[in-house]
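Report on the structure given below.
The values are calculated or read from the model by the stated rules, or taken from the named source; none is laboratory data. What you see is a predicted model, and the numbers here were worked out from it, not measured in a lab. Neighbour counts run over all protein chains shown; Cβ positions are idealised from the backbone, glycine included. Quick note on the areas: whole protein, heavy atoms, side chains included, nothing else; ligands and nucleic acids left out. Shrake-Rupley method; radii C 1.70, N 1.55, O 1.52, S 1.80 Å.
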Amino acid sequence: MKIDKSNAADIPEILSILNASKGDNLTAQQREQEGFTQGTMDAAMLTKFQTGSGVFVSREQRAGQDVICGVAMTAPGSLAKHGTAQAAYQTVLESGFAKAEQIFLYGPVSVRKEFRGKGILTQLLLHICRTLQKDFTLGVAFVDKENHKSLLIHRHYPMDEAGEFELNGRGYVIFTFEPLRVQAFYQHPE
């Protein structure tokens with residue numbers, strides 16, 4: 001497996017992964033159990049993420065070709081101007097845990113169904129922490145309260161539950177993490 005920042009050629013494959021993980025074809029119970037990716041993304045928005053702190057992908061060789069098996073998006077928190085990203089960022093900023101320029105947003109994150117359970121998400125998280133640690137001291141993620149699978153995954157990582165908020169009738173849990181702490185955890189698990 002190789003992890004790197006994505007480029008323009010990766011956009012169609014990334015959008016396909018994100019769209020497939022939305023869970024629109026699943027029942028409410030299946031969405032709780034399997035997880036889902038929140039929000040919508042198009043090529044123009046994805047390009048903006050790529051030119052910021054980056055969209056990271058894990059790649060594996062399949063039949064002699066690179067296949068993207070997982071994707072994790074990041075953005076400087078100060079770029080969040082509306083919606084759930086802005087609400088999560090603002091809540092963390094007001095808490096005083098970090099200065100505005102030290103916060104980055106983490107997510108959405110998705111792993112292709114056939115690659116799940118192989119540690120890809122952990123490897124993406126570690127790579128992002130190593131890459132962004134010089135520029136940011138705090139990562140922020142937010143998870144829909146109905147996304148039980150994602151909540152379980154985030155609670156498995158060395159992240160702190162930093163609060164909750166509601167927007168448009170939906171509840172969200174905010175997770176924060178320090179890149180250096182995440183790396184230390186996986187070097188010497190607690």
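Taking the stretch 1-52 as the region of interest, the helices (runs of 4 or more DSSP H) fully inside it that hold 3 or more residues being in contact with a strand residue (DSSP E or B) (Cβ under 8 Å, 6 or more places away or on another chain) are 11-20, 43-51.
Kindly establish whether K145 is among the charged types (D, E, K, R), open to solvent by 10 Å² or more (accessible area, probe 1.4 Å) and under 23 Å from E161 (Cβ atoms). Against the criterion (among the charged types (D, E, K, R), open to solvent by 10 Å² or more (accessible area, probe 1.4 Å) and under 23 Å from E161 (Cβ atoms)), K145 qualifies.
Within the stretch 148-185, take every residue that is of a type in the set (A, V, I, L, M, F, W, C) and more than 27 Å from K99 (Cβ to Cβ) and give me the one that is most open to solvent (accessible area, probe 1.4 Å).
Checking each candidate, the answer is L152.
Cβ-Cβ distances below 8 Å connect the following pairs, each with a first residue in the stretch 80-95 that is over 11 Å from L167 (Cα atoms), a second residue that is small (G, A, S) and open to solvent by 50 Å² or more (accessible area, probe 1.4 Å), and a separation of six or more residues or different chains: Y89/S78. Selection of first residues in the stretch 110-136 that are modelled with pLDDT under 95 and of a type in the set (K, R) and of second residues that are surrounded by fewer than 18 Cβ atoms within 10 Å (Cβ to Cβ) and part of a helix (DSSP H, G or I), restricted to Cβ pairs under 8 Å at least 6 apart or on distinct chains, gives the following pairs, ordered by first then second residue: R112/A20; K113/A20.
Go through the stretch 110-142 residue by residue and tally those that are open to solvent by 40 Å² or more (accessible area, probe 1.4 Å) and either in contact with a Pro (Cβ under 6 Å, 6 or more places away or on another chain) or not basic (K, R) (or both). Total satisfying the criteria: 9. Across the stretch 162-169, not a single residue is classified as under 22 Å from V55 (Cα atoms) and either touching a Phe, Trp or Tyr at 6+ places or on another chain (Cβ under 9 Å) or of a type in the set (G, A, S) (or both). Scanning the stretch 65-110 for residues that are of a type in the set (G, A, S) and either in a strand (DSSP E or B) or within 15 Å of the chain's Cα centre (by Cα) (or both) returns G70, A72, A75, G77, A80, A85, A88, G107, S110. All of (1) more than 21 Å from T122 (Cα to Cα); (2) touching a residue at least 60 places away in the same chain (Cβ under 8 Å); (3) more than 15 Å from the chain's Cα centre (by Cα); (4) open to solvent by less than 70 Å² (accessible area, probe 1.4 Å) hold for S16 with one exception: (2).
Restricting attention to the stretch 40-80, the residues that are farther than 19 Å from A8 by Cβ and loosely packed, with under 13 Cβ neighbours inside 10 Å total 5.
Looking across the stretch 53-64, the residues that are closer than 20 Å to T122 by Cα and in a strand (DSSP E or B) come down to G54, V55, F56, V57, S58, R59, E60, Q61.
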